[in-house]
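Trainee: This is the structure, below, for whatever I ask next.
The values are calculated or read from the model by the stated rules, or taken from the named source; none is laboratory data. Note that the structure is predicted; figures quoted are calculated from it, not measured. We place every Cβ from the backbone using ideal geometry, glycine too, and count neighbours over all the protein chains shown. These accessible areas exclude ligands, DNA and RNA; they are computed on the full protein's heavy atoms, side chains included. Shrake-Rupley method; radii C 1.70, N 1.55, O 1.52, S 1.80 Å.
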Amino acid sequence: MSGDISRTARRLAHRGPQQWIAAGAGLAGLLLVSACSGGGGGAAAAPRAAAHQPATTVTITSGNVTFSSAAGAAGPTVHAAGSARSATQLDTRPDLGVQVTAQHGTLTAVTVRNAAGQPLPGSYGGGSGSWRTTWALAPAQAYQVTATAVNSKHRQTVINATFRTFRPVHSIIASTTMIPHETYGVGMPIMISFSRPVQDRAAVERSLEITSSKPVAGAWYWMNRETVWFRPRQYWPAHTRVRFTAHLAGVQVAPGVYGRADLSQAFRIGNSLIVVANTATHYMKVWWKGRPIGNWPISTGRPGMDTANGRYLSFAMANPVDMNSATIGIPPGSPGYYNELVYDAVQFTDSGTYIHSAPWSVGEQGIVNVSHGCVNVGPANAVWYYAHSMLGDPISVVGSPLPGTWNNGWTIYFLGWHKLLAGSATGDAVLASASGSRFVPASSLPSPTKTGSASPVQITRLAPN
């Protein structure tokens with residue numbers, strides 16, 4: 001036996017540093033087995049065979065920090081850490097997340113936990129040869145990673161790493177004016193605002209996730225540098241449960257500016273209520289729960305005060321509303337001045353256009369336009385409409401000589417599908433389902449189904465790209 005060992009030592013003398021490591025592992029295994037088995041010839045064959053199958057090398061990369069397991073250690077399981085200083089390693093690129101790779105083997109388990117012990121979501125790639133976190137890492141947080149891999153000889157490699165993400169000097173937060181767990185209409189957009197301008201809009205878009213109990217296709221649209229909205233291609237299916245999450249923490253939105261925290265909120269879509277008011281015919285068609293239920297006589301804006309065309313959404317309701325013509329430039333003492341309480345009022349433009357009860361114009365409704373710009377309906381119809389309305393209900397106006405004005409209210413449906421996509425930083429559509437959302441090429445989507453709820457509206461003034 002001593003002769004075998006000396007011959008092995010002589011062979012090592014002619015090898016390079018990497019060969020020394022691999023052969024040294026085989027020599028250690030040889031010595032270990034000899035001590036346990038009494039030096040039988042058969043026992044020495046296993047370590048020599050194992051030397052031809054190197055142990056899996058596992059590498060953990062988090063931003064600028066890298067940890068790697070020891071190569072070729074003896075025994076059935078290898079435990080390794082990145083370095084003796086791993087607890088003090090500082091990751092200055094939390095936006096890159098964590099990536100784990102395996103060489104000479106496949107990953108069987110990867111866990112990344114934050115300081116609270118919560119696991120971070122991630123996914124495998126390359127036939128289980130790699131794994132990465134789904135989202136960025138939160139700034140100023142400690143993380144622990146444990147990864148297990150196995151080679152073709154069923155030898156395991158386990159690596160543990162601990163590090164901390166840095167605290168950026170400049171940060172950004174997300175917010176929304178949407179009410180948590182509120183019920184909204186089928187046209188409701190998801191609206192997210194940021195505390196400072198966003199430069200890398202694509203990075204922010206990729207951090208936004210939508211969970212929808214019913215499948216829906218749509219797109220994100222940047223209203224300006226600090227606000228992004230999501231809108232379905234058509235409308236939400238009724239009674240859809242929706243949650244949106246801005247996984248903003250750790251995302252680099254501009255050089256040196258990182259997201260401070262995530263934002264998550266849930267809401268629900270109620271019954272479908274859609275109206276189309278025709279200023280030329282003086283009637284308003286009403287769809288309730290997907291079925292036409294009425295064609296109500298109305299009176300809209302008189303000539304010179306025309307109700308503008310557009311695909312609007314309701315965004316405020318009040319009963320009553322104090323309507324004062326001074327707010328639209330007709331002061332007291334001027335011809336046409338008014339100041340009165342209006343009941344069952346549903347607002348759909350910032351400039352003060354409502355659908356509301358108008359008992360004083362019942363004789364003109366269905367015949368002529370006499371209002372100051374609002375959609376007048378009879379008291380009984382107004383009561384029903386107000387009682388069934390929710391914020392985010394679609395309200396379309398057609399037949400008017402006056403084009404609608406972009407951003408005068410929630411005008412996101414002024415945009416056709418292609419203009420909506422043009423306002424996305426990624427240019428992709430979003431498919432949302434109960435398992436989350438993903439970006440897909442818009443060309444991969446089937447043609448939309450044409451229904452009464454998506455009545456075409458002639459819009460002559462659209463949003464700028």
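Trainee: Would you mention how many residues in the stretch 374-404 are open to solvent by 10 Å² or more (accessible area, probe 1.4 Å) and on the phi > 0 side of the Ramachandran plot?
Mentor: 1
Trainee: Name the residue that is nearest to the chain's Cα centre (by Cα), counting only residues in the stretch 317-327 that are within 29 Å of Tyr184 (Cα to Cα) and free of Cβ contacts under 8 Å to residues at least 60 places away in the same chain.
Mentor: In this case the residue turns out to be Ala318.
Trainee: Still on this structure: Determine, yes or no, whether Ala115 is open to solvent by 20 Å² or more (accessible area, probe 1.4 Å), touching a residue at least 40 places away in the same chain (Cβ under 8 Å), out of contact with any Lys or Arg (no Cβ under 7 Å at 6 or more places or on another chain) and within 29 Å of Gly256 (Cβ to Cβ).
Mentor: Taking the combined requirement at face value, the residue does not satisfy it.
Trainee: Tell me yes or no: at least one residue of the stretch 77-93 is aliphatic (A, V, I, L, M), in a loop (DSSP other than H, G, I, E, B) and modelled with pLDDT under 95.
Mentor: yes
Trainee: For Ile173, all conditions in the list (1) open to solvent by 50 Å² or more (accessible area, probe 1.4 Å); (2) farther than 25 Å from Glu205 by Cβ hold save one; what is the number of the exception?
Mentor: Condition (2) is where Ile173 drops out.
Trainee: Would you pick out the residues in the stretch 405-445 that are touching a Leu at 6+ places or on another chain (Cβ under 8 Å), assigned to a helix (DSSP H, G or I), surrounded by fewer than 21 Cβ atoms within 10 Å (Cβ to Cβ) and in contact (Cβ under 8 Å) with a residue 60 or more places away in the chain?
Mentor: The answer is Ala442, and nothing else.
Trainee: Applying the selection to the stretch 246-260, what residues are assigned to a strand (DSSP E or B), out of contact with any Leu (no Cβ under 7 Å at 6 or more places or on another chain) and open to solvent by less than 30 Å² (accessible area, probe 1.4 Å)?
Mentor: The answer is Ala249, Val253, Ala254, Val257, Tyr258.
Trainee: Also, quick follow-up: From the list Pro359, Pro332, which residue is in contact with a helix residue (DSSP H, G or I) (Cβ under 6 Å, 6 or more places away or on another chain), over 25 Å from Pro189 (Cβ atoms) and open to solvent by 70 Å² or more (accessible area, probe 1.4 Å)?
Mentor: Pro359
Trainee: Out of the stretch 143-167, which residues are open to solvent by less than 30 Å² (accessible area, probe 1.4 Å) and either under 21 Å from Val257 (Cα atoms) or in a strand (DSSP E or B) (or both)?
Mentor: Matches in the stretch 143-167: Tyr143, Val145, Ala147, Thr148, Ala149, Thr157, Val158, Ile159, Ala161, Phe163, Thr165.
Trainee: Inside the stretch 322-377, can you point out the residues that are out of contact with any strand residue (DSSP E or B) (no Cβ under 9 Å at 6 or more places or on another chain), of a type in the set (Ser, Thr, Tyr) and within 22 Å of Ser389 (Cα to Cα)?
Mentor: Passing the criteria: only Ser351.
Trainee: Select from the stretch 286-316 the residues that are without any contact (Cβ under 8 Å) to a residue 40 or more places away in the chain and outside any loop (DSSP other than H, G, I, E, B) and write down the one among them that is nearest to Val186 (Cα to Cα).
Mentor: Applying the filter and picking the extreme gives Arg291.
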